[in-house]
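Quick notes on the structure that follows.
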Amino acid sequence: MSHLDLSPWMDRVRTASLPQPSGRVRDVVGVLVEVEGMTASVGSELEVALPNRRLRLEVLGFRQSRILTAPLGSTAGVAPGMRVRAAGRNAMVAVDGSLLGRVTDAFGAPLTIAYPDAFSG
């Protein structure tokens, strides 16, 4: 009985890119971007590719068959019909003792200078 060597194909399978869910911008209303044509869970991140940057969106909820998202940046340049894809990660910020007494932006980046002795009391 002869054996079939599948190792070259297995390497291709391991390195193949997987399809990513995508949809389209339906509307931008105030601080909400409505997305249609895909599914996502509350708290997950989506992305819109703009000509010179990527706009991250956080899923807040749903209305009928649309996903309601909050843009995590300026919506300048976003238009109906633009492609939206799953970012492959959820919004999160690592928290440890270095943040004690600090003010951060929505992405966890410090906005204040750390004063390590201020809380050593």
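The values are calculated or read from the model by the stated rules, or taken from the named source; none is laboratory data. Fair warning: this is a prediction, and the values are worked out from it, not measured in the lab. Ideal geometry is used to build each Cβ from the backbone, glycine not excepted, and the neighbour counts take in all protein chains shown.
Note on region 1-23: among residues that are surrounded by 10 or more Cβ atoms within 10 Å (Cβ to Cβ) and within 18 Å of the chain's Cα centre (by Cα), the one that is nearest to residue 81 (Cα to Cα) is 23.
In region 1-47, the qualifying residues are those that are of a type in the set (Gly, Ala, Ser) and in contact with a Ser or Thr (Cβ under 9 Å, 6 or more places away or on another chain), and the one that is nearest to residue 60 (Cα to Cα) is 40.
Test residue 54 against the stated conditions and say whether it is at pLDDT 95 or above and either surrounded by 11 or more Cβ atoms within 10 Å (Cβ to Cβ) or in contact with a strand residue (DSSP E or B) (Cβ under 9 Å, 6 or more places away or on another chain) (or both).
Numbers: at pLDDT 95 or above: no; either surrounded by 11 or more Cβ atoms within 10 Å (Cβ to Cβ) or in contact with a strand residue (DSSP E or B) (Cβ under 9 Å, 6 or more places away or on another chain) (or both): yes.
No: the conditions fail for residue 54.
Kindly indicate which of 76, 91, 86 is under 26 Å from residue 19 (Cβ atoms) and at pLDDT 90 or above. Before you say what the answer is, go through the steps one by one.
Working: 76 fails: under 26 Å from residue 19 (Cβ atoms); 91 fails: at pLDDT 90 or above.
Exactly one of 76, 91, 86 is under 26 Å from residue 19 (Cβ atoms) and at pLDDT 90 or above, namely 86.
Residues in region 43-78 that are free of Cβ contacts under 8 Å to residues at least 24 places away in the same chain and outside any strand (DSSP E or B) were compared, and the one that is farthest from the chain's Cα centre (by Cα) is 64. Taken over region 79-102, the criterion of being in contact with a Lys or Arg (Cβ under 7 Å, 6 or more places away or on another chain) and either on the phi > 0 side of the Ramachandran plot or not in a strand (DSSP E or B) (or both) is satisfied by 80, 81, 82.
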